[in-house]
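Notes follow once the structure below has been shown.
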Amino acid sequence: MPEHSDASLPPEERIRALVLKGTSVEVNDDIPPKRYYRSGVEMIRMANVYAGEGSTENAFILYNKYITLFIEKLPRHRDYKTANAPEKKETLKVRP
């Protein structure tokens with residue numbers, strides 16, 4: 001996989017590398033969903049810090065990981081429907 005920071009790559013390949021890095025998220029059914037929700041809060045916090053510092057690529061990767069985790073991966077977790085964490089309510093507010 002090409003590295004997103006390789007300035008010699010064409011822009012579309014750099015973006016593709018960023019997206020691949022941002023979507024590399026795995027969910028383990030042995031880890032409770034509550035822990036993923038807490039991690040999500042920290043991911044958004046760090047992404048906002050990166051964005052504020054002008055580290056756009058790192059912010060993009062974390063925002064992409066967050067979206068992948070909460071829209072695509074975590075709903076497949078075996079305990080997702082029974083998870084009841086305050087962070088879950090906050091996460092669901094972001095979704096339409």
Would you call Val94 modelled with pLDDT of 90 or more and aliphatic (A, V, I, L, M)?
no
If the requirement is being at pLDDT 90 or above and farther than 28 Å from His77 by Cβ, which of these qualifies: Gly40, Gly52?
Gly52
Of all the residues that make up the stretch 38-52, how many are under 11 Å from the mean Cα position of the chain (by Cα) and either closer than 25 Å to Lys81 by Cα or of a type in the set (Lys, Arg) (or both)?
6
When residues of the stretch 4-37 are limited to those that are touching a residue at least 24 places away in the same chain (Cβ under 8 Å) and hydrophobic (A, V, I, L, M, F, W, C), the one nearest to Arg78 (Cα to Cα)
Val27
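The values are calculated or read from the model by the stated rules, or taken from the named source; none is laboratory data. Just so we're clear, the structure is a prediction, and the values are computed from it rather than from any experiment. Note: ideal-geometry Cβ built from the backbone for every residue, glycine included; neighbour counts use all protein chains shown.
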